[in-house]
Amino acid sequence: MSVRILVDADACPVKEEVFKTVYRLKIPVTLVANSYLRTPDHPLISMMVVSDGFDAADDWIAEVCDAASLVVTADILLAGRCLEKSATVLNPNGKPFNSSNIGGAIATRAIMADLRAGLEQTGGPAPFSNKDRSHFLNALDRELTRLLRDNP
């Protein structure tokens, strides 16, 4: 298995950081989205445009990921599906999803959905910051180093 990065790209705020890492470490990345996104013309960077069906990008990523994949997504349910296939999963803020925290994340997501359905004001997520970007880069380097070591 070759190490690769899969990005749930539609609303991903760290695509540029992923590209810089791809250039440096020479690891292929596939951005997955419902419509074409402009990407650098580079042999290690590819774009997979899926149908605009509900969860089509998530379904494609969950189907192709494996233990040598690092998946970048903020989608908690997709993270859970990828963890079931032994993929490494990072939130764009650098927080890893793993077997220890995915259950709590899914439960919190369900609670927040219930609150929104009941028209409770939840405030939404905090704005994405430079600190989040830095945490993501550190986590990306750490996890890719481990994947490269474990998948020579």
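Checking M48 against (1) under 15 Å from the mean Cα position of the chain (by Cα); (2) surrounded by fewer than 14 Cβ atoms within 10 Å (Cβ to Cβ); (3) of a type in the set (A, V, I, L, M, F, W, C), which single condition isn't satisfied?
(2)
From the residues in the range 7-18 that are open to solvent by 30 Å² or more (accessible area, probe 1.4 Å) and in a loop (DSSP other than H, G, I, E, B), which one is farthest from A126 (Cα to Cα)?
D10
Checking the conditions here, which among A67, A79 is surrounded by 21 or more Cβ atoms within 10 Å (Cβ to Cβ), touching a Ser or Thr at 6+ places or on another chain (Cβ under 7 Å) and outside any strand (DSSP E or B)? Steps first, please.
Numbers: A67 fails: surrounded by 21 or more Cβ atoms within 10 Å (Cβ to Cβ).
Checking each option against the conditions leaves just A79.
Evaluate the following for L90: is it at pLDDT 90 or above and in contact with a Pro (Cβ under 6 Å, 6 or more places away or on another chain)?
Working: at pLDDT 90 or above: yes; in contact with a Pro (Cβ under 6 Å, 6 or more places away or on another chain): yes.
Considered against the rule, which asks whether it is at pLDDT 90 or above and in contact with a Pro (Cβ under 6 Å, 6 or more places away or on another chain), L90 comes out as yes.
Mind counting the residues in the range 19-62 that are polar (S, T, N, Q) and either outside any loop (DSSP other than H, G, I, E, B) or at pLDDT 95 or above (or both)?
Start the filter on the range 19-62 by keeping residues that are polar (S, T, N, Q), which leaves 21, 30, 34-35, 39, 46, 51.
Now narrow it down to the ones that are either outside any loop (DSSP other than H, G, I, E, B) or at pLDDT 95 or above (or both): 21, 30, 46.
The number of residues fulfilling the criteria is 3.
Sort out which residues of the range 95-131 are closer than 25 Å to E17 by Cβ, in a helix (DSSP H, G or I), modelled with pLDDT of 55 or more and open to solvent by 40 Å² or more (accessible area, probe 1.4 Å), and write them in order of number.
Answer for the range 95-131, where residues must be closer than 25 Å to E17 by Cβ, in a helix (DSSP H, G or I), modelled with pLDDT of 55 or more and open to solvent by 40 Å² or more (accessible area, probe 1.4 Å): N130, K131.
If you scan the range 82-94, which residues turn out to be over 16 Å from D141 (Cβ atoms) and surrounded by fewer than 22 Cβ atoms within 10 Å (Cβ to Cβ)?
L83, E84, K85, S86
The values are calculated or read from the model by the stated rules, or taken from the named source; none is laboratory data. None of these values were measured; they are calculated from a predicted model. Positions of Cβ are backbone-derived with ideal geometry, glycine not excepted, and every protein chain shown enters the neighbour counts. Note: areas computed on protein heavy atoms with side chains; ligands, DNA, RNA excluded. Shrake-Rupley method; radii C 1.70, N 1.55, O 1.52, S 1.80 Å.
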